[in-house]
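Nothing in this text is a laboratory measurement; each read-out follows from the coordinates by a stated rule. None of these values were measured; they are calculated from a predicted model. Quick reminder, even Gly has a Cβ in these numbers, built from the backbone with ideal geometry, and neighbours come from all protein chains shown.
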2 protein chains.
Amino acid sequence: MKQKIEELLEQLGTFLSGHRYAELSAVLRTLEPADIALIFEEVGISDVVVLFRLLPKDLAAEAFVELETDRQQMLIRAFSDAELREIMEELYMDDTVDLIEEMPANVVKRIISNVSEEERGVINTILRFPSDSAGSIMTTEFVSLRRHMTAEEALAHIRRTGYDKETIYTCYVIDGNRHLEGVLTVRDLLLCGAGATVETIMNEQVIRCFTADDKREVARTLDKYDFLALPVVDSENRLVGIVTVDDAIDVLTDEATEDMEKMAKIVPMEKDYMHTTVFETWKQRIPWLLLLMISATFTGKIITAAEEALSAYVVLTAFIPMLMDTGGNAGGQVSVTVIRGLSLGEISFSDWLRVLLKEIGVSVFCGLTLAVVNFVKLIFIDRVSMQIAFVVCITLLITVLVAKVVGCLLPIGAKRLGFDPAVMASPFITTIVDALALLSYFRIAQILLHIG
Amino acid sequence: MKQKIEELLEQLGTFLSGHRYAELSAVLRTLEPADIALIFEEVGISDVVVLFRLLPKDLAAEAFVELETDRQQMLIRAFSDAELREIMEELYMDDTVDLIEEMPANVVKRIISNVSEEERGVINTILRFPSDSAGSIMTTEFVSLRRHMTAEEALAHIRRTGYDKETIYTCYVIDGNRHLEGVLTVRDLLLCGAGATVETIMNEQVIRCFTADDKREVARTLDKYDFLALPVVDSENRLVGIVTVDDAIDVLTDEATEDMEKMAKIVPMEKDYMHTTVFETWKQRIPWLLLLMISATFTGKIITAAEEALSAYVVLTAFIPMLMDTGGNAGGQVSVTVIRGLSLGEISFSDWLRVLLKEIGVSVFCGLTLAVVNFVKLIFIDRVSMQIAFVVCITLLITVLVAKVVGCLLPIGAKRLGFDPAVMASPFITTIVDALALLSYFRIAQILLHIG
């Protein structure tokens, strides 16, 4: 694809410099919106404006949606009011709202003054939903049918009104008060027998979501049922919008990325890495680095307190990194598994005991394996004394057990208390496990080596 | 939803014990396949068989696909050959292949003997594709049209043949030799003017993929273009199948989960957490724990070698955990960002210098912030000497810089060399950064504190 884009850029460049606009337009028309956007990211802004004007309106709008925010802003500034109005007419409501959310105030003002009054009302409604709600990602352009229509009438209705709709494949049946009564698909309409009516084909058990529902839950529901769209209703079951599968994919992808960032002690951000400044990246990373640097003081204090043991057996210091790393790794393995399981809905709070018991089982096996291998290594390679080997290996066992137990209980507990498991659990597990591992280490050393 | 399932289970239980099969069937028919599967996971196997037989064939097949492997296996064992044949007829080819891949040999044998000879050929073809290829997740049930058809004829063709197809919304235009010539949607067919033909509506610039393409690339292409399906062609551009958006979502979700597991030093596995045994979980986790335990020996050796410095300034030991943790955290932040960026296609190899320069910038800012805060803390709270504070803070600066540089170069380099960045980078960063941090620490201590 990258290859293809480069060839296209060259070709378009030739046409542009030769003012061969008919040929330019012909080439652009054959492209997908996402590819046009890639091209627009690569050429100068004055060329973008020229190329943009050569596109058919609907394709122009679709390509516009795919552009990065800064390009969108430049284009809007270059547009005349008439051009802006044309593009805004073509945009789906969810894309319009996304755009408004990302633009600076003066651009928003121009956008708002170039949409119809009706649209302005809808935009204001959607903007009022919290940014992680179903309401914030829904679009209001859907096909609505009435129950008394025949399949033929319904298809005719779709043909007449479908042009503006984000999807025509899933249609919703509403009554005179916009209450959601049923759902059916174009597939049902095409494949049903002659004489069928909307009422006889539609499914009345509509899987729906509410405007205030978490958008991630909504995306997972769409995924679970393999739907192309999910209806969004208000508290009185009035249909107010739909969430389409392409937006659900974006929500799921963003959620996974955010979870990874939180696990890696990064403060998530909307922009992707290549578009953030050094300062923004610093802001994402410094909070946890600072906090965890400070909290590592406790671990330091534990070591200072054990000075006596350490000066008697300096060799004990050499195993501190191994114990801390193994604890961190063992804890991270569980917490990541559990956090992802909670995100995907595979694990819920009621599973906590099953998870705990399983983790205790796993940690016994993992701990024993590590302890035995390490014991052999300590005796035959490092040639330390039997007592030292015992101290290290028993600590290893305890560390793995503690790490696995903390690693599973912390995220489940955080979720239960309404906190984000990824934020609350990942960063603290290392600190807690480090501290407990070192405390055990020095305590066991005291006992087995008869110090103090 | 969980609430609803529990109510349903109670209701179904009452009907079952009262042998009220008509009512049972009526309730089941209103449910989505995914919910029927949830119910089937909760009731005893003999009840599942009874309930299953009450479902219309198509719904039964769709619910069957959603079941966990062990339930599927039990059901197949309970089926008569005739029942099995009916279900297999209803399954889409990609689901049949998934099923065969997960069943034990004797069950596979029974399945194979209950599909038509034609299907057997297709199954064998799909099974031959590597498990991470587009070929392995494609289905062969798609709508194909000819270019000379009118829109009306095309719709009639879809009505006639659509029942068996996984999606009817995206249709592919092929010639007499099955070469892919164009693509169009049911939306195009419904919304086009009278007299249009397939040839005039179709888009000839078909975005396609090859059977051998990586399934993750294919899923991302579908996502990028917001398609509902992507055609899969062989090396001679013959259309052999399609990948649908629901399968693409599963691929993207699994990829994110796998990346998280690899970052957390877990060997990924197909089964989800709640369905793995303790032994299986142990097998996923022990390899990296063992390897990293052994590799932490190097860090231990560095400490042992610095015995002289440590015994002269015991206080230096107290800062080892903080330096190691900060290095690990700083490195993890970059590597996770870069690995995810590589996965999503936001970062490519050619960006390596931009990424490196940015990370050097970020690490200077992060390092300075941490060093200054820590310096103040060391002097005013821990009350260590000025020299010790300098040793710790300079090491901190170097550690953050090293961590950020290693954390970005290792994944990009791994990707370039054809390795999996998540597997190759995450586990080793800590070990490398730990070692370099401690080496700098003791070297700087030697110089500033005039040891040895």
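Full extension of the segment from A:E308 to A:T30, taken as 0.36 nm per residue of separation minus the current Cα-Cα distance, would add 92.4 nm.
Under 5 Å between amide hydrogens, built in the peptide plane, is the criterion, and for A:L55 it picks out nothing among residues at least 5 positions away or on other chains. Between B:S235 and B:Q11, the contour length at 0.36 nm per residue exceeds the Cα-Cα span by 75.2 nm. Distances between copies of B:D420, taken at a point 7 Å out from Cα along the Cα→Cβ vector and listed shortest first: 2.7 nm. Label-point spacing at B:E89 relative to the other copies reads 5.3 nm, in ascending order, each point sitting 7 Å out from Cα along Cα→Cβ. Pairs over the 19 Å Cα-Cα cut-off, from the set A:K265/B:K271; A:K301/B:K301; A:K57/A:K165; A:K224/A:K265; A:K262/A:K283; B:K265/B:K415: A:K265/B:K271; A:K301/B:K301; A:K224/A:K265. Between B:P287, B:N106, B:T395, the Cα set farthest toward the positive side of the dipole of chain B (charges on each charged residue's Cβ, about the Cα centre) is that of B:T395.
Each of A:D272, B:D434, A:D70 was scored by other Cβ atoms within 10 Å of its Cβ. Arranged with the fewest first, they read A:D70, A:D272, B:D434. Across identical copies of the chain, B:T161 has label-point separations of 3.3 nm, listed in ascending order, with the point defined 7 angstrom from Cα along Cα→Cβ. Here segment A:78-117 and segment A:181-233 have alpha carbon centers that stand 30 Å from each other. Counting only whole DSSP H helices of chain B, the ones at least 18 Å long by C-alpha along their axis and with mean Kyte-Doolittle hydropathy no lower than 1.6 are B:386-416.
State whether segment A:273-448 is rounded, prolate or oblate according to the following rule on the C-alpha gyration tensor (a ≥ b ≥ c being the square roots of its eigenvalues): a/c under 1.5 gives rounded; otherwise a/b larger than b/c gives prolate, and the remaining case gives oblate. Oblate, since a/c reaches 1.5 and b/c is not below a/b. If R0 is 56 Å, the Cβ-Cβ spacing of B:A194 and B:R354 corresponds to a FRET efficiency of close to 0.55. Arranged from fewest to most other beta-carbon atoms within 10 Å of their beta carbon, B:L368, B:L397, B:L91 become B:L368, B:L397, B:L91. What you get for the protein assembly as shown, charging only the Cβ of Lys and Arg (+1) and of Asp and Glu (-1), is a dipole of about 3380 debye around the Cα centre. Where chain A is rotated onto chain B, the residue of A whose Cβ comes nearest the axis, and that gap in whole Å, is A:A256, 2. Simple spin-label estimate for A:S116 and A:L417 gives 5.2 nm between the two label positions (7 Å along the Cα-to-Cβ direction from each Cα). Taking 7 Å steps out from each Cα toward its Cβ at B:V376 and B:R128 produces label points 7.0 nm apart.
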